Structures are given as C-alpha cells and as structure tokens.
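S.K.: Right, I'll just put the structure down here and ask away after.
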Amino acid sequence: MELPQIRMQSQMARISMMTQPAKQEIRQPKADLFIQQPHAELSMRTIPSKLTIDQTQAWADMNLKSAPQSIEEFAQLGMQGAQEGTARRATQGTELMKIENNNNPIVSQAVQNAYRPQRPLGIQFIPSVFSVKINYQPSEVEIDIKPNKPIIETQVNKPELNYTPGSVDVSLDQYAELDIDFINLFPTDKQ
C-alpha cells in the first residue's frame, strides 16, 4: 500500500551584491616657509695698552748720564767736598788752638791728612736692582652686540581632498521557489 505523500522542494533566493569601495585621497602640500636672518650688529672699541719703561736710574748707575744731570751731580759733589774741607779745617784749627793741653795734634793731623779713607768692601750691582721702572696699563676692549631676530614667514597650504563615494549594487540572482507535489493521493487499484 502506498501512502499519500507530499513532496516539497524549495530553492532559496540568491542575492548578488557588487560593492565598489569608497576612495579617499588626501594630499598635504608642505607649508611654504621663508626665513631671513639679518646679521647681528657688532661694534668693538679698543683702548690700546700702554707700556712705559724708564731706564734713567739704570743709565745713571752705569755712569752714562745726560750732561745736565752730570753737571748737577758734580756741583753737589763739589759743594759737599767744600763743606767737608771747611769742617775738617775748622776742627783741626780748634785742635791746634788747644795745643797747650799736652796733646800732639800735629802728628795726628799729619796722619789724618796723609791717607785717604779706605773704601768699604762689598758687592755692588751695576745697575742697581729695580733701577728700571716698568709701568703697564692693559688695553680695554668694549664690545657691543645687537642681535637681530630672524624674520619668519609661513604660508600654510590646505590639504587636498579627493573623495569618490563607494557603491553597492544589490540584485536578485535567483528567485525563491517552492514546488509542492502530492503523490498517492488517490489510491489506484492494482491487483
């Protein structure tokens, strides 16, 4: 015996989608930059150094003197010698006036006048130490600097944008179907 049947056959609908992605292009041009640097202003003022050397005393120590200096020195030595001679003669005259005091001034004066006094021994530096006078004034430098700030100019360039929108195409490739068949609904006699 055959039983009645329902046969169903279905076919799903099929959708096709075609997409085209969106495109975005961004280009950023570099900014235009102008820099100008003015030179700094520099001014310098120098007072030169000064060196003075005085050798007058050193030349005098070596007996290399100028004529006026030699004349003055010899005049002083002459005056000093005259004063010493006058003092010696006055002293010796006073001693001779007092000869009655049982002194022997003639012998002592003869010995005193016969010999020159001895010079003292010693080391003498010619020219004498520190006889050269040195005076030094260092130079002075005044520096004046005026810095100039840089001049900076910028021009900003806007970005360039290109946009292509995307698209989606949706279509129905295949429709949905449903087939229903009835089998063995009506029995047939087969004998």
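Nothing in this text is a laboratory measurement; each read-out follows from the coordinates by a stated rule. This structure is a prediction, so every number in the text was calculated from the model and none was measured. Cβ: placed from backbone, ideal geometry, glycine included. Neighbour counts: every protein chain shown.
S.K.: Residues in segment 1-21 that are small (Gly, Ala, Ser), closer than 17 Å to SER171 by Cα and in a strand (DSSP E or B): how many?
M.R.: Selection size over segment 1-21: 1.
S.K.: When GLN76 is evaluated against the numbered criteria (1) over 60 Å from the mean Cα position of the chain (by Cα); (2) not in a helix (DSSP H, G or I), which criterion, by number, is the only one it fails?
M.R.: The single condition GLN76 does not satisfy is (2).
S.K.: Can you tell me which residue in segment 99-140 is nearest to SER49 (Cα to Cα), limited to those that are out of contact with any helix residue (DSSP H, G or I) (no Cβ under 8 Å at 6 or more places or on another chain), in contact (Cβ under 8 Å) with a residue 60 or more places away in the chain and exposed (fewer than 10 other Cβ atoms within 10 Å of the Cβ)?
M.R.: SER139
S.K.: Given the conditions (1) on the phi > 0 side of the Ramachandran plot; (2) loosely packed, with under 10 Cβ neighbours inside 10 Å, and given that ASN184 satisfies all but one, which numbered condition is not satisfied?
M.R.: Result: ASN184 passes all but (2).
S.K.: To continue, here is another question. Pull up segment 142-163, narrow it to residues that are within 22 Å of the chain's Cα centre (by Cα) and surrounded by 10 or more Cβ atoms within 10 Å (Cβ to Cβ), then point me to the one that is farthest from SER49 (Cα to Cα).
M.R.: ASN148
S.K.: Do we have any residue at all in segment 39-46 that's assigned to a loop (DSSP other than H, G, I, E, B), out of contact with any helix residue (DSSP H, G or I) (no Cβ under 9 Å at 6 or more places or on another chain) and surrounded by 10 or more Cβ atoms within 10 Å (Cβ to Cβ)?
M.R.: No - not one qualifying residue is present in segment 39-46.
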